[in-house]
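First up is the structure itself, then whatever we jot down about it.
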Amino acid sequence: KELQVLQNIADLTVKAAEQAVFKCEVSDEKVTGKWFKDGVEVQPTDRIKMTHIGKTHKLTIDEVKPSDAGDYTFVPDGYALTLSAKLNFLEIKIDYVPRQDPPKIHMNTSSSGDKNTIMLVAGNKLRFDVEITGEPVPTVCWMKGEEGEGRVRVEMEKTLSSFVIEGAEKEDEGCYSITVTNPAGEDKVELFVKIVDVPNPPENVTCTSVGEDFGMITWDPPAFDGGVPIKGYLMEKKKVASTRWTRINFDVYESTTYEAKKMIEGVLYEMRVFAVNGIGISQPSANSKPFMPIAPTSEPTRLMVDDVTDTTCALKWHPPERIGAGGIDGYIIEYCIEGTDQWVQANEEPVGKNQYRVKGLPVGEKMLFRVVAVNVAGRSPPATLSQSVTIREIMEQPKIRLPRHLRTKLIKLVGDKVNIVIPFQGKPRPVVTWFRDGILLEDNTVGTRTSDVDSILFIRSAERNHSGKYTLSVQVENMSDSGDIDIQVVEKPGPPIDVHVTDVWGLNAALEWKPPKDDGNCEIIGYSVQKADMKTKDWFTVFEHNRRASCTVSDLVMGNEYTFRVFSENICGLSDVSGISKNTATIAKTGLDYNRPPFKDKDVSHSPKFTAPLVNRIVVAGYRAAISCAVRGFPKNNMIIGEDPKFLMQNFQGVLTLNIRRPGLFDGGKYSCRAINDLGEDEVECKLEVRVAQEKGTETKN
């Protein structure tokens, strides 16, 4: 902050034994300073006193002596500023003789570290006053290096030369000189003006690693420190989805690596850094790339050996119990020889599956294995096998695991695809052989494909000649196992043969036939028999799923001639072609008459009977009421309805209802209902109680 001079020191001329008072006033009342006489600091005595009240600084000299004459200067602490004045001692002389004093420059820069160095903050104004003495008045010349004054403006006031820089820039920094000359001599002083500023922003702010609630942040120091050593840094963070920055540290942090804490796992953050020097705080750095605090997963679980050969080892494991928001990018598998700690990574890229076969292992060595999960937060703790694994081939007896649906006969239609997968086990890899009906399978239309764990038999388009017993044999040295599969390829059967009518009697005809020559490679499960009148030639089914090769067709129409056809049926369905009877059946007329008895209506008459009686009721006077009952009987009775319009009697499908319009107390009593017809009568009764309505606000129940 620039210090302003509110009142400068004035030159004084005093006589012997008088009092001299130098006074100046600055803009900041907290600023302290020192008084100098001819460049030497003034010390207080009984005759010389210095005071500081508010913004005013005073130097008081009592009983002035000739030795007190000289140049007095006030220098504020911490500012490149001096306030000067001259004390002249007045002597009375009879004769005045002009004198010549060599020029002298009175300069004081003791407020800075270097005697002749002035430090100025960029953008501020510098006004440096230099007192010059000499008789006659000397000539003043300011220079920057070997050039002229540059952007410096020089102001002269009697014995005071002012050095002024408006809005200091970095280009104003350099060595300046002032030269004063008069006939009595010359004096020259050099000074260095240093322009300082806030530093540039830090560079390359990067998140190098993350944890569950923190991120490690690094950055490079600013390219320009402002001319003043960097004191430290301030950090801010914000969520990517937010615009609000939060200060992380309030005390200056000196290192260029910082662990930012108190973050939320799974949320994207950005960081920026400020550099701090003795002048101030820099502009913020560029935002770091977004990063997400994520903890590494816990170690994988249930690591176990799945298979071992003479050069490989297959491992499998389960995912970690705790995964977190970062998920799992994959797994790294490492191995080492037992007794050493030189772990070798088996896979170059993380594997996504929970199993892996490590290859190229030394035969006969005892190996240790471990698996770590990897995500954006890094590696999890390792899951390590508790015991070493000896790398050698393990002999395992061959065994076929025949699927349950293949343990019974496999039936396929002609033209269907056949694809059978049979898993097996055995080490080393078994020798696999396929047989059909006990003979080595060499049919080009039947294909096989075998892997380390299963064998596949496939037929692209099944034919009936593919039917048979297929045997899979697996063998390891002198040990073997086998499994049988029965495949039956079927199709629709042919038509029955020799269909003929064997007998006709009454309205019946007897048929017989022989089974079809082609049963479709499966059992005939029945026959479907149809008949047709020779007049209409329309076919009607008379039997379905008939198990025998004969049947009797009944309910034929007298006088008609019939022909018959038969379809054979197996599990594929009915045959496409039917067997038609060689002869027909004619139903002759017999002359029999059938007299149908006359129709007689059923007598449903019976005496009346109440199926739902009348029920006692309590009603409120003045409100409509109804009582009802149900009666059964035929013919229905005639109900006598009174002429009183207050009562309305209704009969709907045997439900009798008596409606009473606004009953009063005198309407209470015993009511009865009587039903009468020609076959008898029945009667029910109930009691009706009428009560006076209660006061308003209370509940009335019927």
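Among Val655, Val692, which is the only one that is β-branched (Val, Ile, Thr), over 22 Å from Ser607 (Cβ atoms) and modelled with pLDDT under 85?
Exactly one residue qualifies, and that residue is Val692.
Can you say whether Leu315 is among the aliphatic types (A, V, I, L, M) and open to solvent by less than 60 Å² (accessible area, probe 1.4 Å), as far as the supplied structure shows?
yes
What are the residues in segment 77-87 that are assigned to a strand (DSSP E or B) and open to solvent by 60 Å² or more (accessible area, probe 1.4 Å), if any?
Lys86
Does segment 224-236 include one or more residues that are open to solvent by less than 40 Å² (accessible area, probe 1.4 Å), farther than 30 Å from Ala168 by Cα and not in a loop (DSSP other than H, G, I, E, B)?
The answer is yes; a qualifying residue exists.
Looking at Glu236, Glu259, Glu254, can you tell me which residue is under 26 Å from Ala122 (Cβ atoms) and under 34 Å from the mean Cα position of the chain (by Cα)?
Result: Glu236 is the single residue among Glu236, Glu259, Glu254 that is under 26 Å from Ala122 (Cβ atoms) and under 34 Å from the mean Cα position of the chain (by Cα).
Please go through segment 438-489 and pick out each residue that is under 22 Å from His405 (Cα atoms) and of a type in the set (A, V, I, L, M).
Once the filter is applied, which keeps residues that are under 22 Å from His405 (Cα atoms) and of a type in the set (A, V, I, L, M), segment 438-489 yields Val446, Val453, Ile456, Leu457, Ile459, Ala462, Leu472, Val474, Ile485, Ile487, Val489.
Taking into account only those residues within segment 335-361 that are loosely packed, with under 14 Cβ neighbours inside 10 Å and small (Gly, Ala, Ser), which is nearest to Glu212 (Cα to Cα)?
Gly352
Considering only segment 430-442, how many residues are surrounded by 12 or more Cβ atoms within 10 Å (Cβ to Cβ) and either farther than 15 Å from Asp481 by Cβ or touching a residue at least 40 places away in the same chain (Cβ under 8 Å) (or both)?
So the answer is 6.
For Thr32, are the conditions met, namely being over 30 Å from Gly134 (Cβ atoms), more than 60 Å from the chain's Cα centre (by Cα) and of a type in the set (S, T, N, Q)?
Against the criterion (over 30 Å from Gly134 (Cβ atoms), more than 60 Å from the chain's Cα centre (by Cα) and of a type in the set (S, T, N, Q)), Thr32 qualifies.
Looking at segment 285-312 only, could you name the residues that are in a loop (DSSP other than H, G, I, E, B) and crowded, with 18+ Cβ neighbours inside 10 Å?
Ser285, Ser288, Met292, Pro293, Ile294, Ala295, Pro296, Thr297, Glu299, Pro300, Thr309 - these are the residues of segment 285-312 that are in a loop (DSSP other than H, G, I, E, B) and crowded, with 18+ Cβ neighbours inside 10 Å.
Only residues in segment 465-482 that are under 18 Å from Phe424 (Cβ atoms) count as the first member; pair them with residues that are among the hydroxyl-bearing types (Ser, Thr, Tyr) and open to solvent by 50 Å² or more (accessible area, probe 1.4 Å), Cβ under 7 angstrom, at least 6 apart or cross-chain, and list the lot.
Thr471/Ser482; Leu472/Ser482; Ser473/Ser480; Ser473/Ser482; Val474/Ser480
Can you pull out every residue in segment 511-525 that is open to solvent by 60 Å² or more (accessible area, probe 1.4 Å) and either free of Cβ contacts under 8 Å to residues at least 40 places away in the same chain or on the phi > 0 side of the Ramachandran plot (or both)?
Selection gives Glu512, Lys514, Lys517.
Restricting the search to segment 395-411, which residues are open to solvent by 60 Å² or more (accessible area, probe 1.4 Å) and farther than 30 Å from Asn478 by Cβ?
His405, Thr408, Lys409, Ile411
Looking only at segment 209-223, how many residues end up being open to solvent by 70 Å² or more (accessible area, probe 1.4 Å) and under 23 Å from Val276 (Cα atoms)?
Adding up the residues that qualify gives 2.
State which residue pairs qualify: first residue within 15 Å of Val26 (Cβ to Cβ) and of a type in the set (Val, Ile, Thr) and inside segment 74-91, second residue open to solvent by less than 30 Å² (accessible area, probe 1.4 Å) and outside any strand (DSSP E or B) in any location, beta carbons under 9 Å apart, and separation of 6 or more residues or different chains.
From residues that are within 15 Å of Val26 (Cβ to Cβ) and of a type in the set (Val, Ile, Thr), the pairs are Val75/Leu81; Val75/Thr82; Val75/Thr109; Thr82/Thr109.
Out of Asp197, Asp187, Asp172, Asp225, which single residue is more than 30 Å from Gly327 (Cβ to Cβ) and touching a helix residue (DSSP H, G or I) at 6+ places or on another chain (Cβ under 9 Å)?
The conditions single out Asp197.
Residues in segment 1-15 that are surrounded by 13 or more Cβ atoms within 10 Å (Cβ to Cβ) and closer than 15 Å to Asn88 by Cβ: how many?
Qualifying residue count for the region: 4.
Can you list the strands (runs of 3 or more DSSP E) found entirely within segment 16-62 that contain at least 2 residues being of a type in the set (Val, Ile, Thr) and open to solvent by 50 Å² or more (accessible area, probe 1.4 Å)?
By residue number, 48-53.
Which condition does Gly266 not pass, out of (1) farther than 30 Å from Ile294 by Cβ; (2) in contact (Cβ under 8 Å) with a residue 24 or more places away in the chain; (3) under 42 Å from the mean Cα position of the chain (by Cα), if it passes all the others?
All conditions are met except number (1).
Within the bounds of segment 326-334, is there any residue that is in a loop (DSSP other than H, G, I, E, B), β-branched (Val, Ile, Thr) and buried (at least 17 other Cβ atoms within 10 Å of the Cβ)?
Yes, because at least one residue in segment 326-334 is in a loop (DSSP other than H, G, I, E, B), β-branched (Val, Ile, Thr) and buried (at least 17 other Cβ atoms within 10 Å of the Cβ).
What's the total number of residues in segment 237-282 that are part of a loop (DSSP other than H, G, I, E, B) and farther than 17 Å from Phe214 by Cα?
Residues that pass the stated criteria total 13.
Among the residues in segment 643-651, are any open to solvent by 70 Å² or more (accessible area, probe 1.4 Å), more than 30 Å from Gln488 (Cα to Cα), modelled with pLDDT of 85 or more and touching a strand residue (DSSP E or B) at 6+ places or on another chain (Cβ under 9 Å)?
Scanning segment 643-651, I find no residue that is open to solvent by 70 Å² or more (accessible area, probe 1.4 Å), more than 30 Å from Gln488 (Cα to Cα), modelled with pLDDT of 85 or more and touching a strand residue (DSSP E or B) at 6+ places or on another chain (Cβ under 9 Å), so the answer is no.
With the checklist (1) among the charged types (D, E, K, R); (2) in a loop (DSSP other than H, G, I, E, B); (3) in contact with a strand residue (DSSP E or B) (Cβ under 9 Å, 6 or more places away or on another chain) in hand, flag the one item Arg322 doesn't pass.
With respect to (1) among the charged types (D, E, K, R); (2) in a loop (DSSP other than H, G, I, E, B); (3) in contact with a strand residue (DSSP E or B) (Cβ under 9 Å, 6 or more places away or on another chain), Arg322 is out only on (3).
For segment 170-206, which positions are more than 21 Å from Pro229 (Cβ to Cβ) and open to solvent by 60 Å² or more (accessible area, probe 1.4 Å)?
Glu171, Pro183, Glu186, Lys188, Glu190, Thr206
The values are calculated or read from the model by the stated rules, or taken from the named source; none is laboratory data. These numbers were taken from a predicted model, which means no experiment stands behind them. Don't worry about glycine lacking a Cβ; one is built from the backbone with ideal geometry, like all the others, and counts go over all protein chains shown. Remember, those area values only see protein heavy atoms, side chains included, never the ligands or the DNA or RNA. Shrake-Rupley method; radii C 1.70, N 1.55, O 1.52, S 1.80 Å.
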